[in-house]
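What follows is a short report on a single structure.
No lab work stands behind these numbers, since they all come straight from the coordinates. Here the structure is a predicted model, which means the values were calculated and not measured. In this analysis, Cβ positions are derived from the backbone assuming ideal geometry, glycine residues included, and neighbour counts consider all displayed protein chains.
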Amino acid sequence: MPILPAPQPDAGLEWVRTHLAHLSGDEPRASRIRGGQAAADAALATLDLTGYARTRSQVLPQAARGASRLSPYIRHGLLTLPQVWQAAGVAPAADRSKYRDELLWQEYARHLYARIGPGLVQSLRTEPRVSSSQDPWPREMACMNRTVGELEQDGWLVNQTRMWLASQWTVRAGRDWREGDLFYRNLLDGSRAANRLGWQWTTGAGSAKPYGFSRWQVEKRAPGLCHTCGLNKACPIQHWPDSRVGPKVDGPPGVTGGRTGSGPGGPLLTGEPEVVWLTAESLGTQDIPRCRRTRTCRGCSCSTSRCWLGCGCPASVWSFWPRPWPNWTARCAWGTR
Ligand SMILES: Cc1cc2nc3c(=O)[nH]c(=O)nc-3n(C[C@H](O)[C@H](O)[C@H](O)COP(=O)(O)OP(=O)(O)OC[C@H]3O[C@@H](n4cnc5c(N)ncnc54)[C@H](O)[C@@H]3O)c2cc1C
């Protein structure tokens, strides 16, 4: 792997464009969330959870958001769950307890993922009905426009708007929850474990009931946003959506016990490592999305002529890490159906 020059202060975006553009699915943008260990340590040192229980789901105004925004650091191992758990210890009791509950969701997602790995792409309890191919996130809706815009610009969303996007995608638009992968690819904290569990929980694939997204939540969590919306008087989400669950499914093998076959049975030694960095996503190379679209490959430098996702599209390679081979530097743009 080539050693890259250190970026000049405040020239990070240009540095990414020059050296890492081939890893990006679209035009690189600077997020308001700073990366790096120093930024992670500073965020933890200034963590103030007062009011968290009441405001964690607040969307607008941004200044009133109670979410800690630590997820990118937690996802990439710059902050560990025990460290964050401990830092929450000084918060008022209700906030501490709510915050620690959320950390436990993270822990649970990791355990579940460690257990069934790529199996988490299968619906755990019910299969939401797929009924259309309509645009799930119409930008004429101010709530969608604002949320998708923030996802693209910052690579981060509060939990509430993640649920809006996932629910709008599947529960309202009737699209397959696994096709919402564009969402994952834009997240700085994108994690197969928490992301798939989040989708499963929201759409009803892994819960008893889907989360119904409607105007009510927008007015409650983002007051004033509907007044800026061109569809204010003809709101397509004025009423609650149909919240019936789809047919029951057995779930992936091993979800209720026994061997799962995910992950190696023992240590795999391929050399002497200098450093090993383990995260929830370090557990294997099998976890790739099911390819349901034809993709056009841009600048593919691999010699394969067949998609290794098994979907049949020619030389289609995703820009996901980990890749099966380190010298695969190809990337693919979204194509059309
Ligand atoms: C559809 C959907 C997709 C999601 N995708 C991801 C993802 O790719 N990566 C990811 O880390 N989280 C994901 N989540 C969970 C959650 O939305 C984010 O962890 C949270 O919004 C991150 O913001 P925060 O750090 O301010 O969270 P806070 O509310 O401040 O919570 C603190 C920490 O607890 C953990 N946490 C909070 N809520 C959850 C949750 N519901 N599930 C698991 N862990 C949680 C995170 O590590 C978070 O940093 C997803 C949720 C949904 C509904």
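Worth pointing out:
- Stretchable slack from Glu14 to Ala63, in nm (0.36 nm times residue separation minus alpha-carbon distance): 14.7 nm
- Taking N as its residue count, the alpha carbon Rg of the stretch 72-186 over 2.2 N^0.38 Å: 1.25
- Put simply, the stretch 1-75 fits an ellipsoid with semi-axes of 31, 15, 11 Å; these come from the alpha carbon gyration tensor as the roots of five times its eigenvalues, largest first.
- For the stretch 1-97, the set of chymotrypsin sites (Phe, Trp or Tyr not before Pro) satisfying both a DSSP loop assignment and a count of at most 11 other C-beta atoms within 10 Å is empty.
- Each 5 Å bin from zero up to the one holding the largest Cα-Cα distance in the stretch 160-201 carries the following percent of pairs: 6, 23, 40, 24, 6, 1.
- Length added when fully stretched, Leu103-Lys209, from 0.36 nm per residue minus Cα-Cα: 35.9 nm
- Normalised size of the stretch 1-146, defined as Cα radius of gyration per 2.2 N^0.38 Å with N residues, equals 1.32.
- P(r), alpha carbons of the stretch 22-263 - 10 Å bins starting at zero, rounded %: 7, 29, 36, 23, 5, 0
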